[in-house]
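The values are calculated or read from the model by the stated rules, or taken from the named source; none is laboratory data. Computed from a predicted structure; not experimentally measured. Every residue, glycine as well, gets a Cβ built from its backbone with ideal geometry; the counts of neighbours run over all protein chains shown.
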Amino acid sequence: MFYAGDAGWLARSACADGWRKVASANWLATAQWVATRVPDALLVDIGSKTTDIIPIVGSRVAARGANDAERLMSGELVYQGVVRTPLCGVAHRIAFRGETNEWFATTADVYRLTGELRPEHDQHPSADNGPKTEAASRARIARMIGRDAADASDAEWRSFAQGWRHEQLRTLEANLARVIAGDAALAVAPIVGAGCGRFLAAALARQAARSYIDFARLAGVADDDATRAEWISTCAPSVAVALLASMAASGAKGAAGDEGHPSNDASPRAA
């Protein structure tokens, strides 16, 4: 079985013709599972380099965009994440003692200094291929304003990092507002957080006085199983595909396609 979004489930023999639907369906899998659990919601999946903001209305995925280009236009896809995004992609200028900056760091440096990026999700090389430590992160963000880390205190560099965090939240908040404006049912909808950067989704919920739901809860993970919940929420698309496949299989009523799997009309949305 291969998940192909609105096309349903494809047998292996059908993937040569339907590969485009399979290749770009990860965000839709997560959203479709959320839609089976929460009637109205805003899925905010923040990864290492992108953010998905997907509306769920009336227990259905209400995304206006179907591909990356359309989703960028609608605000449902933002090319910003918490690890690989160059800081110049977050803002062109952040003041530090009245000075401006150049590019030498990524968002991973910011969230190492704020203490929000978990080491197990810090999987990509740094901007200068140097160490992924707080000291090295201070050195990289200092270079952005032509300084050395020794030119300011650790607290000042942490405050500088918080400035970048604030700017990234502003960008995500603006795109969230664009998505919310698309349907009145989203006015008070909760935010469902997923991805390694979902701490920012929780921050968005707090800022907007909205309720927040971690994806792991919707996947049935107990609140006291923190380690499992962490990975399930971080890897939400793959978990969602497994859950949707189980739902599709149980609703197939004996129909099978190639390899004995449920037929292609066993759409998880229909189920």
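Cβ-Cβ below 6 Å, separation at least six or inter-chain, first residue in the range 37-48 and without any contact (Cβ under 8 Å) to a residue 60 or more places away in the chain, second of a type outside the set (A, V, I, L, M, F, W, C): which pairs?
Taking only residues 6 or more apart or on different chains, the pairs are Pro39/Ser59.
Run Tyr3 past the list (1) within 19 Å of Ala236 (Cβ to Cβ); (2) without any contact (Cβ under 8 Å) to a residue 12 or more places away in the chain and report the number of the one that doesn't hold.
It is condition (2) that Tyr3 fails.
With Leu244, Leu200, Leu186 as the choices, which residue is under 21 Å from Ser48 (Cβ atoms) and either in contact with a helix residue (DSSP H, G or I) (Cβ under 9 Å, 6 or more places away or on another chain) or modelled with pLDDT of 95 or more (or both)?
Step by step, each of Leu244, Leu200, Leu186 is checked, and only Leu200 is under 21 Å from Ser48 (Cβ atoms) and either in contact with a helix residue (DSSP H, G or I) (Cβ under 9 Å, 6 or more places away or on another chain) or modelled with pLDDT of 95 or more (or both).
For the structure I just gave you, tell me whether Ala181 is at pLDDT 95 or above, within 26 Å of Ala63 (Cβ to Cβ) and crowded, with 21+ Cβ neighbours inside 10 Å.
Spelling it out, it is not the case that Ala181 is at pLDDT 95 or above, within 26 Å of Ala63 (Cβ to Cβ) and crowded, with 21+ Cβ neighbours inside 10 Å.
Working carefully through the options Ala161, Ala189, find the one that is of a type outside the set (Val, Ile, Thr), more than 18 Å from Thr106 (Cβ to Cβ) and either part of a helix (DSSP H, G or I) or in contact with an Asp or Glu (Cβ under 7 Å, 6 or more places away or on another chain) (or both).
Only one candidate qualifies: Ala189.
Right, Ala201: on the phi < 0 side of the Ramachandran plot, crowded, with 20+ Cβ neighbours inside 10 Å and in contact (Cβ under 8 Å) with a residue 60 or more places away in the chain or not?
In short, yes.
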